[in-house]
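Below: the structure, in structure tokens.
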Amino acid sequence: MKQTRIRKGAAFGIIAVMVSAMLLASMPTVSASEELYGDANGDGKIDMRDVTYVGLIILGKKPANELADANQDGRVNVGDITYIELVILGKAPHPGKTLKIALGAEPDDLNPLTMYSHSPSDVPKFFNGLVKFDEDLDLAPDLAESWDVSAGGKVYTFHLRQGVKWHDGKEFTAEDVKFTYDLIRSGGIISIFPLATEYEDIEEVDIEDDYTVKFTLREGIVPFRERFTVAILPKHLLEGEDLTTTDFWQHPIGTGPYKFKEWIGGEKLVMVANRNYFAGVPVINEVTFVFVPEEISRVRLLKDGEVDAIKVDARALSMLAGEPGIEIYTAPAANWYGITLPTKTRPFDEKKVRQAIAYAINKQAILDTIFQDKGEIAYGPFRKSSWVYNPDIEYDYNPDKARQLLAQAGFFDTDGDGIVEKDGEKLEFTLIYPVADTERRDIAIAVKTDLAAVGINAKLSGLSWDEITTDLIHENAFTISWGSPYDPDLLNYKLWHSKFLYQGWWNPACYENPAVDELLDKGRTTWDREERKHIYQELQEILVEDQPIAFIVYSDYVYAVSEKIIGITPRPGPHGAGTLGGMTGELWWNMEEWEVKL
């Protein structure tokens, strides 16, 4: 047991008890099913009686006990009365309020920069960025309380919050900001800092004073403002460290709302509330991520009350139908599914063939069956809710139109085998999909069936990710999944611009169109919002005409959560961890603002 000292101050203690009683008399009690720090009288709940009990301990009229040390500083005094008041008022972490989230995959480490590269919506809860995304994915203050942008967008000046502490008590300053961005753009260790190429536009990072940092860019690129959401690292802990061997990535120290507690590989990762968090202390005291690979097991844990939240495949909802105490949430994801049609490879070098494939796919049937109608049909790289969406690009499933286009391109079934041909060459190709991805596998099967109905033979090839190389993708159709809910330039610039031909995973359709290049270049440097909207709407019109990728559906992310959790705010989700769930970019993006009903 922890040693608990008692500090006496009779007069002040009595006054504190009386004031507390008056303040809290009308407040609801906060109960839990186990012993809690703050439950001084041991009745299983934290309420005004515990305030009185601590006062009596201070006066020497009740024996001291460990649970009376509510703030766990090793002594019982009026500080514990104050802490109990804050717990009841919901302004301090409640020892009995916990949150357990089951994930299907465990991270390799807790490097916020590698995690950010997969889900830029937010950073792990151990950290903060200069700015962050709010519920509408607009930029909001974080470690920077304000910022200025020069005309043309080449200079950003951030004014930092003062008094922010790292979890080890060291003060956060501009030195940490410069240290982090210099590390990222150095490009020295790609495995540790995979974002280097995204920050090449930074020309200089200057410290103007302890709480002011100036960034000078080589070019005023509009979407760069969103890259300031990346996590800031502590200079005093990482400077001079061998970043390939440091245990910091397993035991992180940040400025965020939660502090690292423990990580048991293959089992769980636990974090606790940061009582000094600058943006308001979380009420939920402890958050645990439990790693459970099998979805059916995650569902069972939720139904049994062993965990509070999971992410599920929409097809798993039948296992939760009518289940009491569980609520279902959906979040519109920017995650689209489609088929790449490499434009420099036969038969995709003929535009009418690509158009025919797009018309032949029954997108609504795929949405209804594979995604249980959780999502929407996709016609291009922006959801209907996007401010740049162009409704004029929409078209219906039309297999007759597909057959007409094939005939116009000179493809006919002359031998009666059900496959059209041209100049003696049958219209068939290999369609690759990741064998472990059930959604993409099922999409590939559905597409094969739809294409067969118009005379196209898609030969399915399920491969592991180790087998799926970029060379294969540049030459074969592929069931792709990608998308971005952020600035319309992000991702799309590298997906469609010809400068990224044969550059790894970028421009997977090997697409080359000078008009598209011009629009993309103009879109990222035009600051007028309405003008940008017209640019990206014109881009969509060209893409739907050229069909370098046959877009199929946008998915919605689906979550099942205990009804005792309140404060949940679904927001658009990024392309990320699929149905397995992850630590970032998910429904729990604002867990520090959640509450638990006891």
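Details
- The helix-based estimate of mean residue ellipticity at 222 nm for the chain, built from -39,500 (n - 2.57) per DSSP H run of four or more residues and divided by its residue count, is -7500 deg cm²/dmol to the nearest 500.
- For segment 325-459: span of alpha carbons on each principal axis (Å, largest first): 61, 34, 26
- The charge dipole of segment 287-375, taken about its Cα centre with unit charges on the Cβ of Lys, Arg, Asp and Glu (plus for the first two, minus for the last two), comes to roughly 720 debye.
- The charge dipole of segment 91-194, taken about its Cα centre with unit charges on the Cβ of Lys, Arg, Asp and Glu (plus for the first two, minus for the last two), comes to roughly 240 debye.
- Annotation: aspartates and glutamates with alpha-carbon distance below 12 angstrom to Lys178 (same-chain offsets under eight excluded): Glu204, Asp206, Glu208, Asp209, Asp210, Glu239.
- Arg75-Glu595 FRET efficiency (beta carbon distance; Förster radius 22 Å; 0.05 resolution): 0.15
- Counting Lys and Arg as +1 and Asp and Glu as -1 over every other residue whose Cβ lies under 12 Å from the Cβ of Gly576, the net charge comes to -1.
- Using a Förster distance of 60 Å, the FRET efficiency for Lys61-Glu267 (Cβ separation, nearest 0.05): 0.85
- D by Stokes-Einstein for the chain, Kirkwood Rh over Cα pairs, 37 °C, 0.692 mPa s: 122 µm²/s.
- The residue among Val281, Ala409, Gly585 whose Cα reaches farthest toward the positive pole of the charge dipole of the chain, with charges on the beta-carbon of Lys, Arg, Asp and Glu, is Val281.
- Each Cα pair of segment 148-215 feeds into the Kirkwood radius, which the Stokes-Einstein equation turns, at 37 °C and 0.692 mPa s, into a diffusion coefficient of 250 µm²/s.
- Compared with the direct C-alpha span, the chain from Glu175 to Lys564 gains 135.9 nm at full extension, assuming 0.36 nm per residue.
- With R₀ fixed at 45 Å, the C-beta to C-beta distance from Glu545 to Glu294 puts the FRET efficiency at about 0.55.
- Over segment 222-292, the reciprocal of the mean inverse Cα-Cα separation, the Kirkwood hydrodynamic radius, stands at 14.4 Å.
- Environment charge at Glu394 (Cβ cut-off 15 Å; Lys +1, Arg +1, Asp -1, Glu -1): -1
- Pairwise Lys count, segment 466-577 - Cα closer than 24 Å, eight or more residues apart or different chains: 5
- A straight chain from Ala515 to Asp206 at 0.36 nm per residue would run longer than the Cα-Cα distance by 107.4 nm.
- Relative contact order [Cα under 8 Å, 6+ residues apart], the chain, whole percent: 17 percent
- Between Val290, Pro95, Ala453, the Cα set farthest toward the positive side of the dipole of the chain (charges on each charged residue's Cβ, about the Cα centre) is that of Pro95.
- Probe 1.4 Å, protein heavy atoms only - accessible area per residue of the chain in square angstrom: 41 Å²
- Dipole check for the chain: with +1 at the C-beta of Lys and Arg, -1 at the C-beta of Asp and Glu, and the Cα centre as origin, the magnitude is about 1660 Debye.
- As a length-normalised measure over Cα pairs under 8 Å and 6 or more apart, the relative contact order of segment 235-371 settles at 12 percent.
The values are calculated or read from the model by the stated rules, or taken from the named source; none is laboratory data. Computed from a prediction, not measured in an experiment: that's the story for all the values here. Here Cβ is always computed from backbone atoms with ideal geometry, including for glycine, and neighbour counts include all displayed protein chains. The accessibility values were calculated without ligands, DNA or RNA, using every heavy atom of the protein model including side chains. Shrake-Rupley method; radii C 1.70, N 1.55, O 1.52, S 1.80 Å.
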